[in-house]
Amino acid sequence: MVSPGELRMLLELTEGEGEFTPETGTGGAVEYPRAAQLLDDRDEQVVDVLERYGTRGVLAGEFVSKVYSCPECSTQGMQYTTACPSCESAHAVETTVAEHRACGLTVPESEFRHDGELVCPECETTVGSEELDRDERYVCKECDEQFTEPDHRLWCRECLYMFPPQETIERALYRYRLTDDGREWIEHHRRAREAAADTLEERRFEVSIDAAVEGEGRSYPVHVFAEDQLLGERRIVALAERPTDEDIEEFSELARRVDAHPIVVTTTGAVSEEVAERANTSELTLLSARSDGTLDSDFDVGRTATRNRSLFQRFTSAVDVPAWKSQ
Ligand SMILES: [Zn+2]
Ligand SMILES: [Zn+2]
Ligand SMILES: [Zn+2]
């Protein structure tokens with residue numbers, strides 16, 4: 001299914017600068033603010049929607065960067081830190097360490113400093129600067145461990161856990177644009193929506209496109225909502241490339257909630273045998289959107305894509321209003 005929010009979001013790319021760019025929001029979470037704004041609450045997370053249309057070939061993603069999410073709490077935007085290999089504390093600081101060659105004491109150079117002189121804390125004698133060997137090291141403020149190679153960790157701002165980078169969830173971020181196929185895809189879907197609206201309008205429904213329908217105290221976004229207030233008749237329209245049984249079940253349930261008759265428009269003109277079966281037996285209208293922008297009640301069933309004309313009659317009658325109205 002193509003949700004109304006998804007189509008709204010994709011249509012936005014046909015205008016203006018035509019791209020969705022990732023931005024880092026509060027706490028380092030990655031957002032596509034413009035795209036997210038166009039989706040509905042019922043839609044998936046914006047990053048997942050964009051990725052799905054990227055895989056589908058409707059969108060092309062240009063690599064921007066990567067973001068890491070916490071495996072514990074899923075918060076995005078983990079922060080890099082070095083950590084002590086001995087006690088795992090991040091409070092390990094790169095420090096200039098000095099070794100008193102005579103006695104071997106090796107401590108941060110600052111511990112030799114005493115009233116403007118260098119004094120060995122071990123020998124308790126003044127030492128010359130040249131008697132010390134200096135080195136850059138990490139010193140752990142928790143356990144005093146010294147080391148040159150710290151552990152690499154990513155820490156989560158939310159739950160404060162630290163993880164080795166390979167244990168976190170890595171996600172590549174892309175700047176999304178429409179592909180040429182994508183433009184055609186959107187145009188086809190926009191026209192299918194238009195055609196459904198026109199067809200219902202011809203049948204004297206009051207029609208709104210990309211509308212919200214109220215039912216059981218909630219509001220549901222639909223591609224097309226058609227209402228005949230006089231007769232108390234309502235129709236809602238879903239778009240799907242190739243609707244699955246699950247899609248149909250979900251949309252029929254929505255239709256029940258808003259007390260409307262469900263019309264599913266397949267934009268590939270194909271459905272599975274299960275779906276065709278269902279259309280044949282339940283209160284559901286299934287239509288195919290043709291590339292010339294028209295709708296018909298003829299569709300391909302199953303993998304063999306053979307035409308199933310036997311279902312034709314049933315579907316044309318389902319969008320109709322009673323006979324007296326069209327006289
Ligand atoms: Zn430590
Ligand atoms: Zn010493
Ligand atoms: Zn976390």
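The values are calculated or read from the model by the stated rules, or taken from the named source; none is laboratory data. Keep in mind the model is a prediction, meaning the values are calculated, not measured. With ideal geometry, Cβ positions are generated from the backbone for all residues, glycine too; neighbour counts draw on all protein chains shown. Quick note on the areas: whole protein, heavy atoms, side chains included, nothing else; ligands and nucleic acids left out. Shrake-Rupley method; radii C 1.70, N 1.55, O 1.52, S 1.80 Å.
Annotations
- Residue match in region 16-24 (condition: open to solvent by less than 20 Å² (accessible area, probe 1.4 Å) and more than 29 Å from Ser219 (Cα to Cα)): yes
- Extreme residue, nearest to Ala197 (Cα to Cα), among residues of region 236-295 that are basic (Lys, Arg) and modelled with pLDDT of 85 or more: Arg290
- Criterion violated by Glu117 - all others in (1) open to solvent by 60 Å² or more (accessible area, probe 1.4 Å); (2) touching a residue at least 12 places away in the same chain (Cβ under 8 Å); (3) among the acidic types (Asp, Glu) satisfied: (2)
- Given (1) open to solvent by less than 20 Å² (accessible area, probe 1.4 Å); (2) within 24 Å of Arg153 (Cα to Cα); (3) over 15 Å from the mean Cα position of the chain (by Cα), index of the condition Glu88 fails: (1)
- Meets criteria (in the same structural domain as Pro262 (by TED's automatic domain parsing) and open to solvent by less than 60 Å² (accessible area, probe 1.4 Å)) for Ala172: no
- Among the helices (runs of 4 or more DSSP H) confined to region 1-68, the ones with at least 2 residues that are hydroxyl-bearing (Ser, Thr, Tyr) are located at 46-55.
- Taken together, the criteria place Pro33 among residues that are free of Cβ contacts under 8 Å to residues at least 40 places away in the same chain and in contact with a strand residue (DSSP E or B) (Cβ under 8 Å, 6 or more places away or on another chain).
- When Arg134 is tested against (1) away from ligand 3 (no atom under 16 Å from the Cβ); (2) open to solvent by 90 Å² or more (accessible area, probe 1.4 Å); (3) closer than 30 Å to Ser65 by Cα, only condition (3) is not met.
- Checked against (1) polar (S, T, N, Q); (2) open to solvent by 50 Å² or more (accessible area, probe 1.4 Å); (3) within 16 Å of ligand 1 (Cβ to nearest atom), Thr82 passes all but a single condition, namely (2).
- Number of the exception - Ala102 against (1) assigned to a loop (DSSP other than H, G, I, E, B); (2) within 16 Å of ligand 1 (Cβ to nearest atom); (3) open to solvent by 70 Å² or more (accessible area, probe 1.4 Å): (2)
- So Thr148, is it touching an Asp or Glu at 6+ places or on another chain (Cβ under 6 Å) and either among the hydrophobic types (A, V, I, L, M, F, W, C) or under 29 Å from Glu88 (Cβ atoms) (or both): no
- Scanning region 31-57 for residues that are of a type in the set (Val, Ile, Thr) and open to solvent by 30 Å² or more (accessible area, probe 1.4 Å) yields one hit, Thr55.
- Conditions (1) open to solvent by 70 Å² or more (accessible area, probe 1.4 Å); (2) within 16 Å of ligand 2 (Cβ to nearest atom): number failed by Glu201: (2)
- Hits in region 62-79 - residues which are among the polar types (S, T, N, Q) and open to solvent by 60 Å² or more (accessible area, probe 1.4 Å): Ser74, Gln79
- Hits in region 220-238 (condition: free of Cβ contacts under 8 Å to residues at least 40 places away in the same chain and either exposed (fewer than 14 other Cβ atoms within 10 Å of the Cβ) or of a type in the set (Val, Ile, Thr) (or both)): Val224, Gln229, Leu230, Gly232, Ile236
- Condition broken by His152, with the remaining ones in (1) in a loop (DSSP other than H, G, I, E, B); (2) in contact (Cβ under 8 Å) with a residue 40 or more places away in the chain; (3) not β-branched (Val, Ile, Thr) satisfied: (1)
- Residue in region 189-199 that is at pLDDT 95 or above, closer than 20 Å to Gln229 by Cβ and touching a His at 6+ places or on another chain (Cβ under 9 Å) present: yes
- When Arg137, Arg153 are screened for being modelled with pLDDT under 95, farther than 22 Å from Val47 by Cβ, within 16 Å of ligand 1 (Cβ to nearest atom) and not aromatic (Phe, Trp, Tyr), only Arg137 passes.
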